[in-house]
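The values are calculated or read from the model by the stated rules, or taken from the named source; none is laboratory data. Keep in mind that this is a model prediction, so the values were computed, not measured. All Cβ positions, even for glycine, are placed from backbone atoms using ideal geometry, and neighbour counts span all protein chains on display.
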Amino acid sequence: MGIDPRGLGRLTAALLCMGSAAVQAGEWSGQVGGEYRGFFETPLFPEQHDSYLSAFAQPEYRHAWNNDKQRIAFAAFGRISQYDEARTHADIRELNWQKSGSGYEWRVGIQKVFWGVTESQHLVDIINQTDLVEDPDGEDKLGQPMINLTLVRDWGTLDFFVLTGFRERTFPGREGRLRAALPVDTQPAVFESSRGRRRIDYALRWHKSLGDWEVGLAHFSGTARDPRLLPGIGGDGAPALIPHYDVIDQTSLDVQVTTGAWLWKLETIRRAGQGPTYAALTAGFEYTISGILDSGIDMGLLAEYLYDDRGATATTPFQDDVFAGVRLAFNDVSGSEALLGIIADRDSDAHIVSLEASRRFGKSTKLSLEARWFNGVPATDLLFSQRRDDYVQMELAYYF
Amino acid sequence: MLKRLPLLLLSLIAFNAHAETPEEKGLAIATESDRRDRGYGDFSVDLEMVLKNRHGDESRRKIRVATLEGKSDGDKSHTIFDEPADVKGTALLTFGHKVDDDDQWLYLPALKRVKRITSSNKSGSFMGSEFAYEDIGSQEVEKYTYKFLREEACEGQPCFVMERYPVSKYSGYTRQVVWTDKAEYRPWRIDYYDRKGSLLKTLTWKDYKRYLNKYWRADEMFMLNHQSGKSTLLRWTNYKFGNGLKDADFNQERLKRGH
């Protein structure tokens, strides 16, 4: 189970009490579904399998009172997976109380916060830990306990975060695909901070809309969400990769300029504390052509450049890469959409092709398709151990 | 009464000396229609959309809208999607502008992401319906140029009929023909002509009700696409005026509440 009781803290217990007292009538919603993930090639490691079935549920409860000035939110997620024990996991994505007043918002409890503008990777987005075992694209996040105060003023929106408790990244297990050559053992994780998982992290973000510009400036001080993975001995005595969590300071800037059908995007960070201080950026555009060929289908063309000044020593495979993508929004009754993208390394033949598509069936059922191909990956690339992990994934979800 | 006669005559002469062109008359009707709807302040409303294809298969959408009247610039509005269930919590914030493209932010609840989106996509379908974004967006006078055509009866009452031409180059229409009643300046019908100049859609209004003794809102709007045979019915319920909404209620933090 992915929930660390120490990490979630007393905040959660307090919220639960408060929640049950305040709630008379709220709203349940959410989704349940099944997923099939099939791999095109035989696995690299004998413990791995050709295909995996799994089932998941995500119930949510929301309630507002005092003329919507106060709200509580709860969202849980759980998955039961075939073979991969690490992917059988559960998490509280949200459990928080929110209060809105004149020019301010308080949010206390577990929640999810997104920062950033680009599509190929999310450099600036740092508040929540990645639930990597869910999806290799890193867009699934674990709930983060926090106290968040938002001030809305003429000069912009200022967000203060006190992050109470650290969530460790999830990784595929020994029998799972899409993992490094050695499985990651999260039990003996090493923390730079003497307070380990109980270290309190801080973040501050200023954001403002200035005409066509959206500008965000942020600073984070705390334990890095992305660990360095170093070879060691796992809890079971077998060789494994052990996560090492450094304490970092990261300053970030994100900008989007919206002019006509063009979105110009930039995300850049400067990080100290994880090896030598480094900088990284993602920059590019999205251009939308409305109603291509009189069909009512909108086509978005995306291109981004991904850079990390550590070069070959970077802990990311995207140190000098180019992303190109096509997004289709069919604007039909089924809400059909698709995104086809490629990220290509400029220094080798390595490239990842990904396809995401979804459509609704009837009133409440949605079919999602996801596929990824890892091609031309050289032995020096971080993705080398995933070179035979091309996969297609189908998910059928019922929304209630 | 007689004392005023010279003045009246004078103004009639002045009027005739500068005869109103069809363009001026069209603009005057649009301006008057806009003027009569001024001063409402704010309103909130629930909307159900019934989408039908040519075989009669139905699908439904439910959304809630809150609008704050713009004083010097366009209106601000906040739209929350309740159905279908997979888009529940998705929300849209719009800052309308009189001539420039609107500013729009979309909130995606699964990612908790607020995304500034392009509003140049005027001709795109709103939620798979027969309404394009430009059909449901704020109808500022400045967004069109006008030409008065004629007077004729519509829905059993005397009406103005005029053409209007979208100013935006992103519009999906070459022209629209609008029927407005002479008594209250309410729209009753619009014929939309596509980029090739062919009749594409017809929108009709039904069951107007008066709010705050002044502002007319229809209970139903029906859009029929003549080319595809599809239609969309909008059912507006629960109109509430004077909610005391302020500019501060229309920001990205409000979007994130997701309900």
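For this structure, a couple of remarks:
- Residues in the stretch A:63-83 that are among the basic types (Lys, Arg), free of Cβ contacts under 8 Å to residues at least 40 places away in the same chain and buried (at least 19 other Cβ atoms within 10 Å of the Cβ): 1 in all.
- Any hit, the stretch B:149-157, residues being closer than 30 Å to residue B:19 by Cα, at pLDDT below 95, of a type in the set (A, V, I, L, M, F, W, C) and surrounded by 12 or more Cβ atoms within 10 Å (Cβ to Cβ): yes
- Condition met for residue B:184 (under 29 Å from residue B:210 (Cβ atoms), more than 14 Å from every other protein chain (Cβ to nearest Cβ) and either in a strand (DSSP E or B) or at pLDDT below 95 (or both)): no
- Flag for residue A:133 being assigned to a loop (DSSP other than H, G, I, E, B), touching a residue at least 12 places away in the same chain (Cβ under 8 Å) and more than 23 Å from residue A:250 (Cβ to Cβ): yes
- Strands (runs of 3 or more DSSP E) completely within the stretch B:17-119 that count 1 or more residues being surrounded by 14 or more Cβ atoms within 10 Å (Cβ to Cβ) and small (Gly, Ala, Ser): B:42-52, B:58-68, B:76-83, B:91-95
- Here the condition is being part of a loop (DSSP other than H, G, I, E, B) and on the phi > 0 side of the Ramachandran plot; of A:182, A:178, it holds for A:178 alone.
- Out of B:173, B:185, sole residue that is surrounded by 16 or more Cβ atoms within 10 Å (Cβ to Cβ), in contact with a strand residue (DSSP E or B) (Cβ under 9 Å, 6 or more places away or on another chain) and at positive phi: B:185
- When residues of the stretch B:120-139 are limited to those that are outside any loop (DSSP other than H, G, I, E, B) and in contact (Cβ under 8 Å) with a residue 24 or more places away in the chain, the one farthest from the other protein chains (Cβ to nearest Cβ): B:135
- Every condition in (1) assigned to a strand (DSSP E or B); (2) touching a Gly at 6+ places or on another chain (Cβ under 7 Å); (3) surrounded by fewer than 19 Cβ atoms within 10 Å (Cβ to Cβ) is met by residue A:110 except one, and the failing one is (3).
- Residue in the stretch A:328-350 that is within 14 Å of chain B (Cβ to nearest Cβ) and among the basic types (Lys, Arg) present: no
- Considering the stretch B:91-119, and only residues there that are in contact with a Phe, Trp or Tyr (Cβ under 6 Å, 6 or more places away or on another chain) and under 25 Å from residue B:59 (Cα atoms), the residue that is farthest from the other protein chains (Cβ to nearest Cβ) turns out to be B:91.
- Qualifying residue in the stretch A:118-125 (condition: over 25 Å from residue A:186 (Cα atoms), of a type in the set (S, T, N, Q) and either part of a loop (DSSP other than H, G, I, E, B) or away from chain B (no Cβ under 11 Å) (or both)): yes
- Taking strands (runs of 3 or more DSSP E) as the structural unit, those lying wholly within the stretch A:216-288 and holding at least 1 residues that are within 14 Å of chain B (Cβ to nearest Cβ) correspond to A:247-259, A:262-273.
- Enumeration of residues in the stretch A:37-60 that are of a type outside the set (Asp, Glu) and within 11 Å of chain B (Cβ to nearest Cβ): A:58
- Filter result for residue A:174 (crowded, with 21+ Cβ neighbours inside 10 Å, within 30 Å of residue A:386 (Cβ to Cβ) and more than 14 Å from every other protein chain (Cβ to nearest Cβ)): no
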